């Protein structure tokens, strides 16, 4: 299902999240992980909902299976890039933020204002108001920011 390098990255993520190092991710581990990321007000209901997604106690095998299920429907990076390129005929690698917002909120599975704001929080527009969609596609398919060269 995953390449060895991906499994190693998931193992590192699991180890970071398993705050008490007992081999399982529980509610306290999730709360501590959110706190480390700066989100201090996570409710018990939200944490319980996350844990309900697992088939049982969240050990590394369950964690890996859950990621496999979540990533199963992700298109290859090239497919996602090609979808964005429709809006970028000159191949600049960036799209006007207001244009992409319009299209995402008015076409197909319409985004909400909150979803657009969340996207722009995670992928801020540059000073000219452009979205770097190549980086966005990389993160969607690889799960981390591309190192700037």
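The values are calculated or read from the model by the stated rules, or taken from the named source; none is laboratory data. The shown structure was predicted, so the numbers you read here are calculated from the model rather than taken from an experiment. Every residue, glycine as well, gets a Cβ built from its backbone with ideal geometry; the counts of neighbours run over all protein chains shown.
With respect to (1) under 30 Å from residue 125 (Cβ atoms); (2) not assigned by TED's automatic domain parsing to the domain that holds residue 137, the lone exception for residue 103 is condition (2).
For the stretch 9-21, filtering for residues that are surrounded by 11 or more Cβ atoms within 10 Å (Cβ to Cβ) and out of contact with any strand residue (DSSP E or B) (no Cβ under 9 Å at 6 or more places or on another chain) leaves 7. Quick one: is residue 146 at pLDDT 90 or above, touching a helix residue (DSSP H, G or I) at 6+ places or on another chain (Cβ under 7 Å) and at negative phi? Taking the combined requirement at face value, the residue does not satisfy it. Considering every residue within the stretch 71-80, establish whether at least one is farther than 30 Å from residue 130 by Cβ and either surrounded by 12 or more Cβ atoms within 10 Å (Cβ to Cβ) or out of contact with any strand residue (DSSP E or B) (no Cβ under 9 Å at 6 or more places or on another chain) (or both). Yes: one or more hits. Pairing residues of the stretch 111-127 that are within 9 Å of residue 101 (Cβ to Cβ) with residues that are loosely packed, with under 12 Cβ neighbours inside 10 Å, at Cβ distances under 8 Å and at least 6 apart in sequence or on separate chains, gives no pairs at all. For the condition modelled with pLDDT of 90 or more and either within 20 Å of residue 10 (Cβ to Cβ) or not in a helix (DSSP H, G or I) (or both), residue 45 does not qualify.
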